[in-house]
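To keep things clear, I will list the structure first and then write my remarks on it.
Since every read-out is calculated from the coordinates, none of them should be taken as a lab result. All figures in this text were calculated on a predicted structure; none of them were measured in a lab. Every residue, glycine among them, receives a Cβ derived from its backbone with ideal geometry; neighbour counts consider all protein chains shown.
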Amino acid sequence: MKTYRYTEKKDTRSGFGAGLAELGRTNPNVVALCADLIGSLKMNQFIDENPERFFQIGIAEANMMGIAAGLTIGGKIPFTGTFANFSTGRVYDQIRQSIAYSNKNVKICASHAGLTLGEDGATHQILEDIGLMKMLPGMVVINTCDYNQTKAATIAIADYEGPVYLRFGRPAVPVFMPEDQVFEIGKAIQLQEGSDVTIVATGHLVWEALEAAKGLNEKGISAEVINIHTIKPLDDKAILESVAKTGCIVTAEEHNFLGGLGESVARVLALNDPTPQEFVATDDTFGESGTPAQLMDKYGLNSTAIIDKALKVIGRK
């Protein structure tokens, strides 16, 4: 069993900031827009080094999306920045009509996603955004797991032609992915081989999946762990090859079970290889105020919940 360790914790939004700063030095077409949340999105370094390529739009997110769409016509690659709730739910019409419909090359970068926004509560947390965005034709949807992967994804999406939704978070989480990784859109990463159950996870739940695999190993159960950083396009091949070995699967995400990674995986299985599946996700509910750790525990988004669902799905084989 492969063991993953970490020496530090860092927030994934800082990975976005570091990636954006690097793009500022290497790609002159990259521009950044923000809706009055520069510090929260860690965009300061990009702005300091490229003040002429930054646009502060203020608390006018719909306007930000329209401006970003317009900038692509002149060959620019706009990266928009605000909270995930304001990046999707508040501006869905503008994204659909101005960006997705005409396949504009806009990178919608969304911080503070999911329950781990924490104390700001249900009005600022969003657990529906992956579903909203993956339903848009042509929209790539990415949800990264740690600082290093977020930085790599930020850099990689600048080379992709078309709209992208990049989702990341607020809390400091373990940094365990390689610093020098090459991020490949739509290519899942097998973190650990196993034979008894497949665990596919995305975002903050990837580390919890690795912790769950350790707990299952102590029970004599071999878990295969796959990091699904790209929800759309989904790596169907990796999922199907894994369940062909294990015969069952658990999906884990910081999102509503309706419309998220789990439903995308269920569709792949239903069409190709019907397989017992269990979901670790929120159960059609809004969040509430609390620390990220308290909320993840209360809503069953942790390694303990993954272990419980793994034992349940193995019993269904």
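Details
- Criterion violated by Gly39 - all others in (1) in contact (Cβ under 8 Å) with a residue 24 or more places away in the chain; (2) surrounded by fewer than 20 Cβ atoms within 10 Å (Cβ to Cβ); (3) under 30 Å from Gln294 (Cα atoms) satisfied: (1)
- Of everything in region 127-149 that is out of contact with any Leu (no Cβ under 8 Å at 6 or more places or on another chain) and of a type in the set (Val, Ile, Thr), the residue that is farthest from Ile99 (Cα to Cα) is Val141.
- The residue of region 133-151 that is farthest from Asp11 (Cα to Cα), among those that are touching a helix residue (DSSP H, G or I) at 6+ places or on another chain (Cβ under 9 Å) and surrounded by fewer than 20 Cβ atoms within 10 Å (Cβ to Cβ), is Pro137.
- Residues in region 195-224 that are among the β-branched types (Val, Ile, Thr) and within 30 Å of Gly138 (Cβ to Cβ): Thr198, Ile199, Val200, Thr202, Val206.
- Which numbered condition Gly39 fails, given (1) in a helix (DSSP H, G or I); (2) of a type in the set (Gly, Ala, Ser); (3) out of contact with any Lys or Arg (no Cβ under 7 Å at 6 or more places or on another chain): (1)
- Thr154 surrounded by 21 or more Cβ atoms within 10 Å (Cβ to Cβ), out of contact with any Cys (no Cβ under 8 Å at 6 or more places or on another chain) and under 22 Å from Ala84 (Cα atoms): no
- Highlighted here are the strands (runs of 3 or more DSSP E) found entirely within region 180-245 that include at least 2 residues which are over 21 Å from Ala305 (Cβ atoms) and without any contact (Cβ under 8 Å) to a residue 60 or more places away in the chain: 189-192.
- Every test in (1) among the hydroxyl-bearing types (Ser, Thr, Tyr); (2) surrounded by fewer than 23 Cβ atoms within 10 Å (Cβ to Cβ); (3) part of a loop (DSSP other than H, G, I, E, B) is passed by Thr304 save one, and that test is (3).
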